[in-house]
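The structure under discussion appears below in the form of structure tokens.
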Amino acid sequence: KAPEERRDEIGELALSFDDMVDRLSETTVSRDYVDNIVRSMGDALLVTDPDLTVKTSNGAAGRLFGESEERLIGRPLGNSGHLIPAMITASVLRGGAGEVQGLVCLAQDITERKKVQQALVDAKNAAEESSLTKSNFRANMSHELRTPLNAIINYSEILLEDAEAEERQQVAMDLKQIRSSGKHLLALINDVLD
């Protein structure tokens, strides 16, 4: 800083110089602060010029694109040729007069989220397939078990009517037991299948 002893033009010049040094110091501190924020971000940051050439990047961008942070600078945005699952937010960077100065892009790697999402879709499909298999099995078993059992019950009822008409008590009692056992078995099968 310049000495502030004088109150003339030179003194005022010294004060102006000191003020400029203070503002420059604040700008340097602010720039360091912003640079620290950009470096510590977990999301990838790319800033381009209007031609979409990368001018600024951070370490997260380098990791996302498999390049060093420095190698991304000067390259066109999106020129790697391989796809990366990412959630991207982009904003137009404008100057003080409203002119377009480039883009500010934030990208978050969602590879793990996509894997989890695919695992959920696979699990849902497997559950639906399992449910369909179970339904088909139940329908087949229902038909395979109930049809012959219903035939046994129905034939025993027909034979029971004949036995009762002919007054054959022992045969009628046996047929009632067959019918009763068939109905009991049918109820158990219905409970199991339902």
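Data for the structure
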item: Share of carbon and sulfur in the accessible heavy-atom surface of the chain [1.4 Å probe, %]; result: 55 percent
item: Positive-pole candidate from Leu103, Leu52, Asn190, dipole of the chain, charges at beta carbon; result: Asn190
item: Efficiency of FRET from Cβ geometry, Asn190 and Glu112, R₀ 45 Å, rounded to 0.05; result: 0.40
item: Cβ-derived FRET efficiency at R0 35 Å, Ser142 paired with Glu167, nearest 0.05; result: 0.35
item: Charge dipole of the chain about the Cα centre (unit charges at C-beta), most positive-ward option of Thr133, Ser40, Ile73; result: Thr133
item: Size descriptor, Kirkwood hydrodynamic radius, that averages inverse alpha-carbon separations across the chain, Å; result: 25.6 Å
item: Per-pair calculated FRET efficiency, R0 = 30 Å: Ile37 and His82 via Cβ, rounded to 0.05; result: 0.55
item: Average accessible surface area per residue within the chain, 1.4 Å rolling probe, Å²; result: 74 Å²
item: More than 13 Å apart - percent of Cα-Cα pairs taken over segment 56-123; result: 72 percent
item: Debye equation applied to the C-alpha atoms of segment 99-194, log10 I(q)/I(0) at 0.12, 0.22 Å⁻¹; result: -0.64, -1.04
item: Dipole moment magnitude, nearest 20 debye, the chain about Cα centre, only Lys, Arg, Asp, Glu C-beta charged; result: 520 debye
item: Segment 145-194 pair-distance distribution - Cα-Cα, 10 Å bins, rounded %; result: 29, 46, 20, 6
item: Gap separating the Cα centres of segment 46-62 and segment 112-178, nearest whole Å; result: 67 Å
item: Amide H contacts of Thr56 (H built 1.01 Å from N, under 5 Å, at least 5 apart or other chain); result: Val47
item: Positive-pole candidate from Val121, His143, Leu83, dipole of segment 83-194, charges at beta carbon; result: Leu83
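The values are calculated or read from the model by the stated rules, or taken from the named source; none is laboratory data. The shown structure was predicted, so the numbers you read here are calculated from the model rather than taken from an experiment. Every residue, glycine among them, receives a Cβ derived from its backbone with ideal geometry; neighbour counts consider all protein chains shown. Only protein heavy atoms, including side chains, enter the accessible area calculation; ligands, DNA and RNA are left aside. Shrake-Rupley method; radii C 1.70, N 1.55, O 1.52, S 1.80 Å.
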